[in-house]
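Q: Sharing a structure, written as structure tokens. Questions coming.
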């Protein structure tokens, strides 16, 4: 029991290496109540290590602790072979990373284990940065992934991680070390597919609208309106991409439901492409929200654009000179106000979906609440945004001038996918279809000839 007002001593931990990570780890260990000993080639140089720790030569430092953190690069592991007797029975925690994936045929941890066969090597702490240790290891940096062949050695590392306020996840034997060493080198692995999809959709609609608007005006009317590329064209592309990306969040769920209805069971794997698509829905939705935010910001600055101000003032002056005024169009007023209102509501719902996808918020919701927001309110968001787009072109669908070079405008093309998703959702919501799908997802399977024969054999 810790004396009142006293410090709780956790034991002694040794660290080989006085680099950024070694010093940051040593500081956190000292704050957690551990005694820290650094192993160094130059034990007289104590200016870099945290105050309160000790610096010794490697042999003496290894004898002071059972757990030793190897915070040095793989290129410098060779000197450890001379410490074999001192490291016998010790727990060596390899925290190293490489500069690129596949840099070595063997993982650093396995290589370390081959150099010091008498020690128990654990791969861990390599996914936690020195900055995260100094700042308190918040959010994603709070988790320590580890692997090793000795359960007791792994438990010792887990205990240290917990005492530092970190969580630990056991990834199995030391064979998983290569996978752990690749994690810090990965650049947004879950975002690659959504980013490629967003880039492809953006590029397609940008060049499509560039041809329909800018190039068409130059070729057919001899007008140079290239200045519209920066804001007008961009503000047409952003909402289109946002709506298409939002539709792509809910289309795989509808396709999965149709596939389960067709198979009559949930106990069959989805195709790899569909499985990967479903795992990317969160990222697709966040990218859709990003484009929606860009659309809102660009819309706010429209009124201060030079060509808008010039056109508006010219029109007003012309009406004054001609002593004429435009009659009030009640239908246009209704359409405009409805268009703006649905846009505000749709964007607000969009923000709600994005906020609830944050781990700090989603962790406070149970599964039913989270599903209600992301599914029910998500489809409501899709309905609002689709109707918002429909009202934008409510009086343009049947005008021949809308179809420049016989091509439909961008807002018509982007309506195809959300309308398909909403129709599929409507069909899947039919009571007889919905009840069958619910039964399948609860474990019911449609009888087949093979299953009937199995039952007959069992009887």
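Every read-out reported here was derived from the displayed coordinates using simple, explicitly stated rules and does not represent laboratory data. Note that this is a predicted model, so its numbers are computed, not measured. Every residue, glycine among them, receives a Cβ derived from its backbone with ideal geometry; neighbour counts consider all protein chains shown.
Q: Based solely on its DSSP helices, what 222 nm [θ] is calculated for the chain when runs of n ≥ 4 H residues each add -39,500 (n - 2.57) and the sum is averaged over all residues, nearest 500 deg cm²/dmol? Write down the numbers at each step before the final one.
A: Values: 19 runs with 243 residues, N = 459.
Roughly -16500 deg cm²/dmol at 222 nm, from the helical runs in the chain.
Q: Which percent of Cα-Cα pairs in the chain sits in each 10 Å bin, short to long?
A: With 10 Å bins starting at 0, P(r) equals 4, 14, 19, 15, 15, 15, 11, 5, 2, 0, 0.
Q: Once you have the Cα-Cα distance between residue 199 and residue 101, take 0.36 nm times their residue separation minus that, and quote the gain in nm to one decimal.
A: Details: separation 98, 0.36 × 98 = 35.28 nm, distance 2.57 nm.
That pair, residue 199 and residue 101, stretches by 32.7 nm at full extension.
Q: Grab the beta carbon distance between residue 399 and residue 439, set R0 = 56 Å, and tell me the FRET efficiency rounded to 0.05.
A: On the way: r = 49 Å, r/R0 = 0.87.
Computed FRET efficiency for residue 399 and residue 439 comes out at 0.70.
Q: On each of the three principal axes of the Cα atoms of the range 47-100, give max minus min coordinate, whole Å, ordered largest first.
A: 35, 29, 17
Q: Still on this model: From Cα pairs below 8 angstrom and at least 6 apart in sequence, can you work out the relative contact order of the chain, rounded to a whole percent? All intermediate terms of the calculation are to be shown ahead of the outcome.
A: Working: 563 pairs, mean separation 49.3, N = 459.
About 11 percent, as a whole number.
Q: Here's a follow-up. Taking the Cα atoms of the range 128-271, report the difference between the largest and smallest coordinate on each principal axis, in whole Å and largest first.
A: Extents along the principal axes: 79, 51, 24 Å.
Q: While we're here: If I fit a long axis through the Cα atoms of helix 232-263 and take the longest principal axis of the Cα atoms of the chain, what angle between them do I get, 0 to 90°, rounded to 10?
A: Roughly 70 degrees between the two axes.
Q: If you don't mind, there's one more thing I want to ask. Could you check the simple spin-label distance between residue 230 and residue 12, using points 7 Å along Cα→Cβ, in nm with one decimal?
A: Computed distance between label sites residue 230 and residue 12 equals 6.8 nm.
Q: At a Förster radius of 60 Å, what calculated FRET efficiency corresponds to the Cβ-Cβ distance of residue 192 and residue 325, to the nearest 0.05?
A: Using R0 = 60 Å, I get an efficiency of 0.60.
Q: Sticking with this one: Given the C-alpha atoms of the range 1-104, compute the convex hull and give its volume per residue in Å³.
A: Measuring per residue, one finds 123 Å³ for the Cα hull of the range 1-104.
Q: A further question follows. Among 320, 355, what is the fewest-to-most ranking by other Cβ atoms within 10 Å?
A: Numbers: 320 10, 355 13.
Going from sparsest to densest Cβ surroundings: 320, 355.
Q: Right, next: For the range 188-233, take the convex hull of the Cα atoms, compute a quarter of its surface area, and give me that in nm², please. Mind showing how you got there, number by number?
A: Working: hull surface 14.1 nm².
Mean shadow area of the hull around the Cα atoms is 3.5 nm².
Q: Follow-up question, since we're still on this one. Only Cα pairs under 8 Å and at least 6 apart count here; give the relative contact order of the range 38-182 as a rounded whole percent. Write down the numbers at each step before the final one.
A: On the way: 236 pairs, mean separation 28.5, N = 145.
Value for the range 38-182: 20 percent.
Q: For residue 63 and residue 314, calculate 0.36 nm times their separation in residues minus their Cα-Cα distance, and state this gained length in nm to one decimal.
A: Values: separation 251, 0.36 × 251 = 90.36 nm, distance 8.70 nm.
My answer for the length gained is 81.7 nm.
Q: Where in the range 215-233 is the amide nitrogen less than 11 Å from a point lying 7 Å along the Cα-to-Cβ axis of residue 306?
A: 227
Q: Which log10 I(q)/I(0) values, to two decimals, does the range 164-209 give at q = 0.27 Å⁻¹ under the Debye formula with one point per Cα?
A: The Cα Debye sum returns log10 ratios of -0.98.
Q: Let me ask you something else. Each label point is 7 Å from the Cα along the Cα-to-Cβ direction; what then is the distance between the points at residue 81 and residue 337, in nm?
A: If labels sit at residue 81 and residue 337, their model points lie 8.5 nm apart.
Q: Right, something else. How big is D, in µm² s⁻¹, for the range 189-453 by Stokes-Einstein at 10 °C and 1.306 mPa s if Rh is the Kirkwood radius over C-alpha pairs?
A: Working: Rh = 21.3 Å.
D, rounded to a whole number, is 74 µm²/s.
Q: Nearest 5 is fine: what % of DSSP beta bridges in the range 11-185 come out antiparallel, could you say? Don't jump to the answer; show the numbers that get you there.
A: On the way: 3 of 28 bridges.
Counting only bridges with both partners in the range 11-185, antiparallel ones make up about 10 percent.
Q: Full extension from residue 220 to residue 261: what is 0.36 nm times the residue separation minus their Cα-Cα distance, to one decimal in nm? Each step should come with its number before you reach the end.
A: Details: separation 41, 0.36 × 41 = 14.76 nm, distance 5.16 nm.
Computed gain between residue 220 and residue 261 is 9.6 nm.
Q: Taking a quarter of the surface of the convex hull around the Cα atoms of the range 350-448, what do you get in nm²? Display every interim value, and only then the final one.
A: Working: hull surface 41.2 nm².
Over all viewing directions, the range 350-448 projects a mean Cα-hull area of 10.3 nm².
Q: Using only the C-alpha atoms of the range 11-185, find the volume of their convex hull and express it per residue in Å³.
A: Numbers: hull volume 17.9 nm³, N = 175.
Expressed per residue, the convex hull around the Cα atoms of the range 11-185 is 102 Å³.
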